[in-house]
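Encoded as structure tokens, the structure appears first; notes follow it.
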Amino acid sequence: MVLTRLSEVSFQTTDLDALPPAERLVMTSPEYFDILYVINPHMAGHVGAVDKKKARQQWNELKAAFESCGLHVDVVNGMPGQPDMVFCANQTLPFIRKNGQKGVVLSRMHAAQRTGEVTHFESWFAEQGWEIVDDVFHGDIEFEGMGDAIWHRGKRLLWGGHGFRTDLSVYDLISQQLDTPIIALQLDDPEFYHLDTCFCILDEETALIYPPAFTPEGLELIRYFFPRIIEAPEYEARDLFACNAHCPDGKHVVIQRGCTSTKAAMEGLGFTVLEVDTDEYIKSGGSVFCMKLMTW
Ligand code: ARG
């Protein structure tokens, strides 16, 4: 079941099956992180401009921030020649079946430069006994994992972005494979090319979003399922990747430093905000959420 407008919705989140909280994360070590090509508007003008020492420091601090929230971080080694592999939300979509079997749907990367990253994650998950789902897509369909497909907190419901890196048609196949409803949201602004750049689930009832990145149909769906919405202002969303924050537990939010008004709004609702610097990665079009993959 893939829903694209509110008139198709016949359930509330309270009707859905529970999903265990993701208490583990995967991060990719950043030694090969670089900007060597331009595949999103943020990368333009930044080719060769990564400060490697600063990038390593920022990655270490981000990992420490996640760990301070009680998360276990597994590190997958980066690979030479794959400068974007550090954005490890993109190569897979992890899932856990109702019988407890864990698995990943493998991505079909939009850019040829990134396709080699996927097999590396496939081997890593296969070694740990995870089910590998890679036979659902046919033809040259595109899907970029948890950059676009994000689990609702605590519920078997997927939010699926499409338009730039992921084709809408993948969601029918994923919905059948994972036996879960999917709410498909069309993305409308090339700077917000993944769902995780403009949509962040804080808790079961609260989302942080950048509204202009969505169509009216998408916004209506978001507002229906989340009674509390924080809207990031343009500068914080576009330049500081405010909506690429991560809230692992419904209480703490890790976010790029300087998102002043977003931070105040979250604190006003009782969230504890942890600020980190990810500006070396923002040059490549990614921040907190895309630098990790939520697993179980
Ligand atoms: N340079 C990377 C790309 O364009 C950044 C990916 C950021 N990931 C994300 N989930 N938003 O593919």
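The values are calculated or read from the model by the stated rules, or taken from the named source; none is laboratory data. What you see is a predicted model; the values in this text were computed from it and never measured. Virtual Cβ from ideal backbone geometry, glycine too; neighbours counted across all protein chains shown.
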Being within 16 Å of the ligand (Cβ to nearest atom), under 17 Å from the mean Cα position of the chain (by Cα) and of a type in the set (Val, Ile, Thr): is that true of VAL104 here?
yes
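A quick yes/no check of all residues on (1) within 18 Å of the chain's Cα centre (by Cα); (2) modelled with pLDDT of 95 or more; (3) part of a loop (DSSP other than H, G, I, E, B):
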site: TYR224; (1), (2), (3): no, yes, no
site: ALA237; (1), (2), (3): yes, yes, no
site: LEU240; (1), (2), (3): yes, yes, yes
site: GLY250; (1), (2), (3): yes, yes, yes
Identify, please: which residue in the range 1-33 is assigned to a helix (DSSP H, G or I) and of a type outside the set (D, E, K, R) and is, among those, surrounded by the fewest Cβ atoms within 10 Å (Cβ to Cβ)?
THR14
Considering residues that are within 13 Å of the ligand (Cβ to nearest atom), surrounded by 24 or more Cβ atoms within 10 Å (Cβ to Cβ) and not acidic (Asp, Glu), the number found within the range 188-209 is 8
For the range 34-58, give me each residue that is away from the ligand (no atom under 14 Å from the Cβ), surrounded by 15 or more Cβ atoms within 10 Å (Cβ to Cβ) and either under 28 Å from PHE164 (Cβ atoms) or in contact (Cβ under 8 Å) with a residue 60 or more places away in the chain (or both).
GLN58
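Given the structure, is MET27 under 19 Å from the mean Cα position of the chain (by Cα), over 30 Å from PHE271 (Cβ atoms) and at pLDDT 95 or above? Break it down stepwise before answering.
Numbers: under 19 Å from the mean Cα position of the chain (by Cα): yes; over 30 Å from PHE271 (Cβ atoms): no; at pLDDT 95 or above: yes.
Spelling it out, it is not the case that MET27 is under 19 Å from the mean Cα position of the chain (by Cα), over 30 Å from PHE271 (Cβ atoms) and at pLDDT 95 or above.
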Residue list for the range 61-92, restricted to those being part of a helix (DSSP H, G or I) and of a type outside the set (Phe, Trp, Tyr)
GLU61, LEU62, LYS63, ALA64, ALA65, GLU67, SER68
List pairs: first in the range 121-146 and under 18 Å from TYR193 (Cβ atoms) and in a helix (DSSP H, G or I), second of a type in the set (Gly, Ala, Ser) and at pLDDT 95 or above, Cβ under 6 Å, 6+ apart or cross-chain?
GLY145/SER107; MET146/ALA89
When you check ALA242 against the structure, is it closer than 30 Å to PRO83 by Cβ, in contact with a Ser or Thr (Cβ under 7 Å, 6 or more places away or on another chain) and among the small types (Gly, Ala, Ser), yes or no?
yes
Residues within the range 107-150 that are away from the ligand (no atom under 12 Å from the Cβ) and of a type in the set (S, T, N, Q), tallied
3
Would you be able to tell me the number of residues in the range 151-181 that are part of a strand (DSSP E or B) and within 13 Å of the ligand (Cβ to nearest atom)?
1
